[in-house]
1. To the nearest 0.05, how large is the calculated FRET efficiency for residue 321 and residue 168 if R₀ is 45 Å and r is the Cβ-Cβ distance?
2. What label, among [x] 57, 49, 39; [y] 71, 45, 36; [z] 80, 44, 36, belongs to Cα extents along the principal axes in Å computed from the structure on display?
3. Please calculate how many Å² of accessible area the chain carries per residue, with a 1.4 Å probe and no DNA, RNA or ligand atoms counted.
4. Step through the residues of the range 127-141 one at a time and calculate ³J(HN,Hα) from phi using the Karplus curve (6.51 cos²θ - 1.76 cosθ + 1.60, θ = phi - 60°), rounding each to whole Hz and writing x for Gly and Pro.
5. Take the chain, connect every pair of alpha-carbon atoms lying under 10 Å apart with a spring to form a Gaussian network, then pick out the residue of 225, 273, 285 with the largest mean-square fluctuation.
6. Stretch residue 219-residue 153 to full length: gain in nm at 0.36 nm per residue minus the Cα-Cα span?
7. What full-extension length gain, to one decimal in nm, is calculated for residue 295 and residue 63 as 0.36 nm per residue of separation minus the Cα-Cα distance?
8. Carbon and sulfur: what percent of the chain's accessible surface (1.4 Å probe)?
Amino acid sequence: MEKIGKISTGQMFCVLFLSRIISLFTFMLPSASYLPAGDRIITAIPVMLFEFLYAGIVIFTLKKNEAQSILETAKNISPNLSKILAVFYILAFIWFAGIGTARFELFISTVMFPNSELTLMIVILLVAALYASLKGIEAIGRASVILITILGTSVIFILLTVTGEFEYSNLKPLFTEGLSPVTGFAFYVSVRAAEIMTLHVSTPVINGNVKKMIFSWISVFAAVCSVILLCLSGVTGEYGDDQIFPLYTLTVIAKFGIFERLDDILTGLWVLCSFIQVAFLLYLCLLSLRQSFGKIKKIPSAIICTLGVFIVYIITSDTVTVFSETVSSKFVDIMFIVLIAAVPLSVTILNIHKRNRRRKT
């Protein structure tokens, strides 16, 4: 049997953090237009609470299934069940990778190179991610550790350089329309992030205390988001409310030493974050196939999954409006809840029942 590589919890923390933060950097206001501007600075907290709930499901199923992934557990019940579920998880990973690629392309084509044809750049990105997925999770993990160090330093520089522009008068009152818009938006954001869902498949390739890593990652990410969003509101004020990609505005304002503009440098880093996200999700497609189907032909399988990502990208990246309407679909909510909660809990209950029945016999 082919050896499956593993990474440390620290490396997985970096992979998940980078995969998630690219969605924050390319955050688009049209998708969040129903949220009062003053409430945006605190959205990271309720999102974190939703993700703690999802994480609790991951930890519960992992403990009850003796550290097996949900696909490995399903295989104990029925190999065919495992194969069916693998198809659904793979389609979800392809969907999220395609949506992430489309969001990034819309960001580049809107603020960096307006009206430019960027399909070739996306193809290069996907081919690079395909290659990385074939190299395995260790290569992705090592690259993530290096990238998160560079990215973290860059973000700190940006926040430090814009503090002089911070005005408390730019901050708007909280909860002007009550708690409902904040809760609704937090749920909206939480079910459009694939990283928590990936843990139902990826935990067998993690060495270390997975529970501690998951809750640390969620907490640190929420803290970083809160600081960035507070800075964004205090620096850009109403001007930021009118921008499609408000966080990009901070990089345009920021200056550091000999660098008059940090946005060009950070855009390069964001390309690498997008690369990590897609490579990780493609790797999980291969891992899902391996867990459910056994030995697979990696290269053809990876190519097919990458083509799926490209198709999703083509369908959803036509315009910002098309993208927003697609990702706002209730189908996405249902798909996420089914794959993060309904399927894992059902499989775990069936596995416990089958295990107890064996003990009695």
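1. 0.85
2. Comparing each candidate, only [y] matches the computed number.
3. Result: 44 Å² of accessible area for each residue.
4. 5, 5, 5, 4, 4, 5, 5, 6, 6, x, 5, 4, 5, 5, x
5. 225
6. Values: separation 66, 0.36 × 66 = 23.76 nm, distance 1.93 nm.
So the extension gain works out to 21.8 nm.
7. 80.9 nm
8. Reported share for carbon and sulfur atoms: 67 percent.
The values are calculated or read from the model by the stated rules, or taken from the named source; none is laboratory data. Everything numeric in this text was worked out from a predicted model, so none of it was measured. Heads up, the Cβs are rebuilt from the backbone with ideal geometry, glycines too, and the neighbour counts pull from every protein chain shown. Side chains included, ligands, DNA and RNA excluded: accessible areas come from the protein's heavy atoms. Shrake-Rupley method; radii C 1.70, N 1.55, O 1.52, S 1.80 Å.
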